[in-house]
Amino acid sequence: MTDTMSVPTYRLTTSSRPAVATRASHTEREHAPTWMRAVGAVLLVGGLGLTAAVLGWPGDAPEAALLVPALVGVTVGFLLLVARSGWTVTDTHVVLHFRPLPARRIARDRIADVRLVEADASTYGGLGLRIRRGVRALILTPGLGIEFTDDRGRVTFVRTRQPEAAFRALR
C-alpha cells in the first residue's frame, strides 16, 4: 500500500514560452498633484456623507434619487485620490502605467522617433490620460517629457522628471 502523502506532484506551467528576463533600464512614477488629491478627498468624503444621509433617511423618501450623484462623487473622488502615472523602459518594451487602468505595453522595436517636448494641460487637451486620434498623452503636471512615435505614426507623450536619463534609456 502506498502512502498518499509521498506521491510526487507536478506543477502545470501556464505558459508554453520560456521565461525571458527583462531588466528595467528606466522607471518613473508620479503621483497626482496635491490639488487633485485634495479635490478627490473632498469628493470622496462628500459622496460618502451624502450616501450615508440618503441611506439613513427613514422610510421611502424622494431623496433616494440623490444616491446616484453621491455614488458618482465617491467614484470620482476615489479615482482622483489614487491617480498615479508612470512608465518603465525595459529591454523589449515601454510600459505605460496610469492607475487605476491596466498597463499598456509598446514594443521598443516599433518606436521610430524619440524627442524631448515641453508640454502642459493645453498641449494635449487636459490632464490625465489624453487619447485622441493618433495621439496618446500621459500628463498630470506640466513640464518636460518624452514624445515618441511608433512605426504606424501614433504619437505618445509621457511626462518625465529626468528627461536626459529617459531619453538615453529610449535610444
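The one condition from (1) assigned to a loop (DSSP other than H, G, I, E, B); (2) out of contact with any helix residue (DSSP H, G or I) (no Cβ under 9 Å at 6 or more places or on another chain) that Arg152 does not meet is (2). Residue count for the stretch 125-171 satisfying the condition of being over 12 Å from Gly86 (Cα atoms) and in contact with a Gly (Cβ under 8 Å, 6 or more places away or on another chain): 6. Selection of first residues in the stretch 120-143 that are closer than 15 Å to Thr156 by Cβ and of second residues that are in a loop (DSSP other than H, G, I, E, B) and at pLDDT 80 or above, restricted to Cβ pairs under 6 Å at least 6 apart or on distinct chains, gives the following pairs, ordered by first then second residue: Gly134/Arg154. Contact map, the stretch 85-97: first residue farther than 13 Å from Ala137 by Cα and free of Cβ contacts under 8 Å to residues at least 60 places away in the same chain, second residue open to solvent by 10 Å² or more (accessible area, probe 1.4 Å) and outside any loop (DSSP other than H, G, I, E, B), Cβ cut-off under 8 Å, separation 6 or more or different chains; pairs are Val95/Thr88; Val95/Arg104; Val95/Arg105; Val95/Ile106.
Tallying residues that are closer than 18 Å to Thr27 by Cβ and surrounded by fewer than 18 Cβ atoms within 10 Å (Cβ to Cβ) within the stretch 117-142 yields 1. Of the residues contained in the stretch 63-73, one or more are found to be surrounded by 17 or more Cβ atoms within 10 Å (Cβ to Cβ) and free of Cβ contacts under 8 Å to residues at least 60 places away in the same chain. Residues in the stretch 89-101 include at least one that is part of a loop (DSSP other than H, G, I, E, B), open to solvent by less than 60 Å² (accessible area, probe 1.4 Å) and over 30 Å from Val54 (Cβ atoms). Checked against (1) buried (at least 19 other Cβ atoms within 10 Å of the Cβ); (2) among the hydroxyl-bearing types (Ser, Thr, Tyr); (3) modelled with pLDDT of 80 or more, Thr149 passes all but condition (1).
The values are calculated or read from the model by the stated rules, or taken from the named source; none is laboratory data. As the structure is a prediction and not an experimental result, all values here were calculated from the model. In this analysis, Cβ positions are derived from the backbone assuming ideal geometry, glycine residues included, and neighbour counts consider all displayed protein chains. Keep in mind that these areas ignore ligands, DNA and RNA; they rest on the heavy atoms of the full protein, side chains included. Shrake-Rupley method; radii C 1.70, N 1.55, O 1.52, S 1.80 Å.
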